[in-house]
Structure formats: structure tokens, C-alpha cells
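Heads up, the thing below is written out as C-alpha cells.
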Amino acid sequence: MRFMTVALGAIVFAYACYIGFVLPLTNVPVSILGFVAALWGIRSILLSDTKIFLSYFDYIGLFMYLLLFGGIAFRAIWKGRVVH
């Protein structure tokens, strides 16, 4: 279970970095929907029992969302400041 958590976490981290920093901004909305669905599915697989309190995976998922949207915001601001 720990190996699966680390392996899937690494994949999600790489995908968040790819969407946030590499993918063209025109393709981002569709990819965000896929990212949210994938992270939600991974969470439901790894944490199948219902818990009322937040787990470490929830905090890691929040970090992935912040990384994703932070990268998109940085690129959008940077693109607006750079004159071609």
C-alpha cells in the first residue's frame, strides 16, 4: 500500500508539473478536469474506508492542486509581462 501511494503520488506530481508549467494554456481547462478526476479516483482507491478527519493524502492532494494552479497562474502572469 505504501509503494502504491508513493508511485501514484509521483505520477500525479509529474502530471501536475506538466500541466502547470509545460502544457499550452489553451489545453489547460480539459487537462485540469482530468487531473481532478484522477486525483479523486486515486484518493478513493487508496482510502476506501471513510474517515472524518483529514489524512496525509488529503494534504498532499491539496499541495498538488496548489502546485498546478500556481504554475498556471505564474505562466499566465509571465506571458502577460513578456513582450514579443
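Does Ser48 satisfy being without any contact (Cβ under 8 Å) to a residue 40 or more places away in the chain, exposed (fewer than 11 other Cβ atoms within 10 Å of the Cβ) and polar (S, T, N, Q)? Taking the combined requirement at face value, the residue satisfies it. The set of residues in the range 4-42 that are over 20 Å from Phe57 (Cβ atoms), β-branched (Val, Ile, Thr) and surrounded by 12 or more Cβ atoms within 10 Å (Cβ to Cβ) contains only Val28. Residues to consider are Val36, Val30; find the one that is over 12 Å from the mean Cα position of the chain (by Cα), aliphatic (A, V, I, L, M) and part of a helix (DSSP H, G or I). Result: Val30 is the single residue among Val36, Val30 that is over 12 Å from the mean Cα position of the chain (by Cα), aliphatic (A, V, I, L, M) and part of a helix (DSSP H, G or I). Restricting attention to the range 53-84 and to residues that are modelled with pLDDT of 75 or more and of a type in the set (Lys, Arg), the residue that is nearest to Phe21 (Cα to Cα) turns out to be Arg75.
Within this structure, Thr50 fails the test of being β-branched (Val, Ile, Thr), modelled with pLDDT under 90 and assigned to a helix (DSSP H, G or I). For the range 12-21, the set of residues classified as modelled with pLDDT of 90 or more and over 9 Å from the mean Cα position of the chain (by Cα) consists of Tyr18 only.
The values are calculated or read from the model by the stated rules, or taken from the named source; none is laboratory data. Since the model is a prediction, treat every value here as computed from it, not as a measurement. With ideal geometry, Cβ positions are generated from the backbone for all residues, glycine too; neighbour counts draw on all protein chains shown.
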